[in-house]
Amino acid sequence: MLTVTEEFLLLTLKDENGGFVDVHHERLRAGFVGAAIMELGLQGKLDSDLDRVWVVDKTPTGDPALDLVLDRLSSPQFNGDADRVFGQLIDLGEQIRSEALKELCAKNILVESEGRLLWILKTRRYPVIDGQEIREVKLRLLDVLLRDALPGPRDVCLMSLAETCGMIAQIVPASELSIARERISKFAKMELIGQNVNTYIDMFDRAMASAMLASHF
């Protein structure tokens with residue numbers, strides 16, 4: 001099973017060509033932080049209430065992307081107040097993404113290659129080896145968003161991250177967006193017993209709204 005962080009990364013890929021979708025830099029950084037927090041919650045490393053988040057198990061997961069966040073959250077200096085969590089982790093966003101890329105390459109899902117952007121700027125591309133994982137995660141979300149499939153906790157995390165980061169329109173056909181967004185709003189409020197997924201989603205949405213508001217001043 002791939003982590004929320006790894007599946008979120010697959011959603012940022014343009015299918016099999018190895019390029020990435022156009023997402024606002026700050027949204028993308030926050031998206032990877034949010035994905036890591038949600039995965040740690042699903043793995044029972046974190047607990048939370050409406051006001052704060054705290055670590056209940058400091059044992060490393062063995063996943064470098066997740067352990068970056070777990071280590072920071074475990075620091076005695078870390079302030080677990082819900083409104084301050086993301087601000088203390090946002091600088092890890094690019095490193096979380098980088099580690100997730102390495103993990104997907106190690107699992108033979110992606111392969112790293114060098115390409116050229118506009119024949120001038122060298123850029124790394126990560127074409128998928130057979131595309132199965134990207135198709136699987138997108139089809140799974142479409143089944144939930146547009147049909148009658150019920151989401152698991154990881155699905156709820158992914159669809160909420162994709163919507164808040166402005167990526168959902170690149171997954172769902174334009175004619176179906178309003179239906180998909182209604183279902184995202186409904187599922188994000190689901191109480192997933194013992195996992196507090198909706199709490200982490202709410203924290204992420206509030207942090208993103210504040211960041212986007214601040215960027216306009």
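Remarks
- Selection within the range 160-210 - more than 17 Å from V137 (Cβ to Cβ) and among the small types (G, A, S): G166, A174, S175, S178, S185, A188, G194, A207, A209, S210
- Search result, residues across the range 50-67 that are touching a residue at least 24 places away in the same chain (Cβ under 8 Å) and either surrounded by fewer than 19 Cβ atoms within 10 Å (Cβ to Cβ) or outside any helix (DSSP H, G or I) (or both): L50, D51, R52, V53, W54, D63, P64
Condition check ((1) under 22 Å from D22 (Cβ atoms); (2) modelled with pLDDT of 80 or more; (3) loosely packed, with under 12 Cβ neighbours inside 10 Å) across all residues:
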site: E112; (1), (2), (3): yes, no, no
site: I129; (1), (2), (3): no, no, no
site: L145; (1), (2), (3): yes, yes, no
site: D155; (1), (2), (3): no, yes, no
site: M167; (1), (2), (3): yes, yes, no
site: P173; (1), (2), (3): yes, yes, yes
site: A180; (1), (2), (3): yes, yes, no
site: K189; (1), (2), (3): no, no, yes
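- Residue identified as more than 24 Å from G166 (Cβ to Cβ) and not hydroxyl-bearing (S, T, Y) among D22, D91, D49: D49
- In the range 1-49, the residue that is nearest to E112 (Cα to Cα) out of those that are of a type in the set (F, W, Y) and assigned to a helix (DSSP H, G or I) is F8.
- Any hit, the range 78-97, residues being among the basic types (K, R), at pLDDT below 95 and either closer than 27 Å to H25 by Cβ or under 18 Å from the mean Cα position of the chain (by Cα) (or both): yes
The values are calculated or read from the model by the stated rules, or taken from the named source; none is laboratory data. Here the structure is a predicted model, which means the values were calculated and not measured. Positions of Cβ are generated from backbone atoms using ideal geometry, with glycine treated the same way; all protein chains shown enter the neighbour counts.
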